[in-house]
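Asks: Below is one structure. I have some questions about it.
The values are calculated or read from the model by the stated rules, or taken from the named source; none is laboratory data. The structure presented is a predicted model; accordingly, all values stated were derived computationally and were not measured. Here Cβ is always computed from backbone atoms with ideal geometry, including for glycine, and neighbour counts include all displayed protein chains. SASA here: full protein model, heavy atoms, side chains in, ligands and nucleic acids out. Shrake-Rupley method; radii C 1.70, N 1.55, O 1.52, S 1.80 Å.
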Amino acid sequence: MELETSRREAQKYLASGTRFPFTRRVPAGGKLIARFIPSTTALITFEAAARLGGFSRAAEELCLSESAVSKQISKLESYLDLRLFDRSAGRFGLTEAGRAYVTEVRRTLDKLEADTKNIANFQMTRKELQIAALPTFSNKWLMPRLGTFSRLHPDIIVNIRGKIDPFDFSELEFDAAVHFADPQWEGVRQSTLFSEELIAVANPQYFPVDQWQDADWRGPGFVDAPLLHKVTREDAWRRWLLGAQLDHPNPAAGAQFDTFSTVIEAVRSGMGMALVPRLYVERELERGDLVQFHPHTLRDEKTYMLILPDRDVLHPSLNAFADWLHDEARAFKTARLAETTG
């Protein structure tokens, strides 16, 4: 309810030395418009005194002095310009106005308390997560596995948004991130998922990879094949050739692309050969669309991490997602180790 109070009435409060009892704002019309609501401290004190039947008992419950309780009640009565308690000699009880008012106050305080508890528990009870993930990692590794999480937790909605660079959780509304380890992350908790390895792949429909292998990769076909690059891994081919003990006339030459997804599609279309994370081409390798034409790999290139905000308590939905993601990462590492050993 809004109350309109004239400037003269406001001046009366100020002249009396009494703090103006409600928040004021002055619109263009010159009238003071405010909510006619007493302090919650006064209302809580009033409700306790009415319920317990005295100021001393209310003071004990509220950990206040009896004098402080009396002052709060007096301020509330002055604010309302009504007597809420009958203080006649030998008597103490609610007036008729007090009985009517305490019923409404109690209902209001109960509602306010419930609303406050609900919002305080919001982070603990909600069932929707906002996860930031590297786009290609999301498409090639996370999304093919996310259905498992949905079947285990059908009540939790997981929203995935692509995010390339580290960010501040206090500025963006994300619950977690799946990203590379990076010193730019601050004020977070990080846990390792697995490391990345780059393998050399080509499309066997366009390049005679069997002949390369037969010629120990030293024939004209291999060195003439175009090299494709990801712009942020510009020296990867140089390091790979060095480790594989192979020669190439110009390891820095060739088309460049900004994402591994684009690099992989370029390899599929026969534009050349490329170094890509094994985890991004699992399906292509299984189907034979691409082949790893040389066993040498660049290991531990990047480390994938689960990034969480540094908070004392994480809501159960996020804990469930974190546990599931680590289980999937362990299974992936076990399968990769078995494949390498085999």
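Asks: Give me the net charge for the shell around residue 301: Cβ to Cβ below 10 angstrom, other residues only, Lys and Arg +1, Asp and Glu -1. All intermediate terms of the calculation are to be shown ahead of the outcome.
Replies: Details: positive: 233, 239, 299, 302; negative: 196, 197, 300.
Local charge sum for residue 301: +1.
Asks: If one computes P(r) from the Cα atoms of the range 123-236, what percent of pairs lie at distances over 25 Å? List each step's numbers first, then the result.
Replies: Values: 2932 of 6441 pairs.
That fraction is 46 percent.
Asks: Same structure again: Largest first, how would 175, 310 line up by accessible area (1.4 Å probe)? Before the final figure, lay out each step's value.
Replies: Working: 175 10, 310 100 Å².
Sorted descending by solvent-accessible area, the residues read 310, 175.
Asks: With 19 Å as the limit, write out which pairs from 140/333; 75/111; 127/333; 302/333; 230/302; 163/302 have Cα-Cα distances beyond it, or answer none. Intermediate results must be reported in sequence, preceding the final value.
Replies: Values: 140/333 16 Å; 75/111 24 Å; 127/333 29 Å; 302/333 15 Å; 230/302 14 Å; 163/302 16 Å.
Among 140/333; 75/111; 127/333; 302/333; 230/302; 163/302, the Cα-Cα distance tops 19 Å for 75/111; 127/333.
Asks: Rg/Rh for the range 261-338 to two decimals, with Rh computed the Kirkwood way over all alpha-carbon pairs.
Replies: Reported Rg/Rh (Cα atoms, Kirkwood Rh): 1.09.
Asks: Out of all DSSP beta bridges in the range 34-193, what portion is antiparallel? Express it as a percent rounded to 5. Don't jump to the answer; show the numbers that get you there.
Replies: Details: 2 of 11 bridges.
Close to 20 percent.
Asks: Where nothing but the Cβ of Lys and Arg (+1) and of Asp and Glu (-1) is charged, how large is the charge dipole of the range 277-342 around its Cα centre, in debye to the nearest 20?
Replies: On the way: 9 positive and 12 negative charges, 31 e Å.
For this selection, approximately 160 debye.
Asks: Separation between the residue 117 and residue 285 pseudo-spin-labels, each 7 Å from Cα along Cα→Cβ, expressed in nm?
Replies: 5.4
Asks: What fraction, in whole percent, of alpha-carbon pairs in the range 197-339 exceed 19 Å separation? Write out the running numbers ahead of the final one.
Replies: On the way: 5757 of 10153 pairs.
I get 57 percent for the Cα pairs in the range 197-339 exceeding 19 Å.
Asks: Percent of accessible area on the range 271-342 owned by carbon and sulfur, 1.4 Å probe?
Replies: Working: 1710 of 3580 Å².
Looking at the range 271-342 in its full context, I get 48 percent from C and S.
Asks: Tell me the net charge near residue 336. Cut-off is 10 Å between Cβ atoms, residue 336 excluded, with +1 for each Lys or Arg and -1 for each Asp or Glu.
Replies: My count for the surroundings of residue 336 gives -1.
Asks: Leaving out ligands and nucleic acids, and using a 1.4 Å probe, what accessible area per residue does the range 116-205 come to in Å²?
Replies: Numbers: 4810 Å² over 90 residues.
Per residue, the range 116-205 has an accessible area of 53 Å².
Asks: 7 Å from Cα along Cα→Cβ at both residue 242 and residue 143: what's the point-to-point distance in nm?
Replies: Label-label distance for residue 242 and residue 143, simple model: 3.6 nm.
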